[in-house]
Amino acid sequence: MNWYKDTLQIQTRGKGLFSFTDAINEKIHEWGIQEGMCFLYLQHTSASMVISESYDPSARIDLEAFMERLAPESQSWHRHTLEGRDDSPSHMRAMLTDTSLTIPIDDGRLSLGTWQGIYLFEHRGRGHRRRVLLRCLSVK
């Protein structure tokens, strides 16, 4: 068994879903991993990661709109607003989604379903450079 690690930097442009599946598969290919496990960990409290539909862009639009409705900004009951009107809702959105993911690796690629992709979900209104810790265990 071999252990590989790197940190992916993902630049966002504000709220929304940003695919980074290809960046992970490129690293797996670069490392020559054929079979194993991929572990992802996001080091932020106002962003998250999701595995979601990657074929039809309207699915992404619906997910983004859903989060806006689920945790809207500028609510009178929000107390945590030090960094702006998106401060409290960004943490709520991150709490409802994942900050870590585990995906099997088979035949040199992530074992995702046909239409699945991995996304960083930015919950803040302005862009950020997000760090995702990438760790892979190779068993072959």
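Normalised by 2.2 N^0.38 Å, where N is the number of residues, the C-alpha radius of gyration of the stretch 40-117 stands at 1.33. Calculated from DSSP H runs of 4 or more alone, at -39500 (n - 2.57) each and per residue, what is the 222 nm mean residue ellipticity of the chain, nearest 500? The per-residue figure over the chain is -7500 deg cm²/dmol. Going by a ≥ b ≥ c, the root eigenvalues of the Cα gyration tensor, does the stretch 74-140 fall in the rounded group (a/c under 1.5), the prolate group (a/b larger than b/c) or the oblate group? Since a/c reaches 1.5 and a/b is larger than b/c, the shape of the stretch 74-140 is classed as prolate.
Label-to-label distance, Asp107 versus Arg85, with points set 7 angstrom from Cα along the beta-carbon direction: 4.9 nm. Sequence-distant contacts, meaning Cα pairs under 8 Å at least 6 residues apart, place the relative contact order of the stretch 60-140 at 23 percent.
Find the relative contact order for the chain and round it to a whole percent, using C-alpha pairs within less than 8 Å whose residues are 6+ positions apart.
56 percent
For the stretch 31-125, the list of GluC sites (Glu not before Pro) that fall in a loop by DSSP and count at most 13 other C-beta atoms within 10 angstrom reads Glu83.
In the elastic network of the chain, a GNM with C-alpha springs shorter than 10 Å, the most mobile of Trp31, Trp115, Trp77 is Trp77. Each label was represented as a point 7 Å from its Cα along the Cα-to-Cβ direction; for Thr114 and Ala59 these points are 1.1 nm apart. Any chance you could check the Cα centroid distance between the stretch 83-140 and the stretch 1-49 for me, in angstrom? Measuring centre to centre over Cα atoms gives 8 Å.
The dipole here belongs to the chain: it is taken about the Cα centre, uses +1 on the Cβ of Lys and Arg and -1 on the Cβ of Asp and Glu, and is about 500 debye. Site pair Phe66 and Met92 shows an inter-label distance of 1.7 nm when each label is modelled 7 Å from Cα along Cα→Cβ.
Taking the alpha carbon gyration tensor of the stretch 29-72, multiplying each eigenvalue by 5 and rooting it gives semi-axes of 29, 16, 7 Å, largest first.
Throughout, read-outs are computed from the coordinates displayed, never taken from laboratory work. Bear in mind the structure is a predicted one, so any value in this text is a computation, not a measurement. Methodologically, a virtual Cβ is constructed for each residue, glycine included, from the backbone with ideal geometry; neighbour enumeration extends over all protein chains shown.
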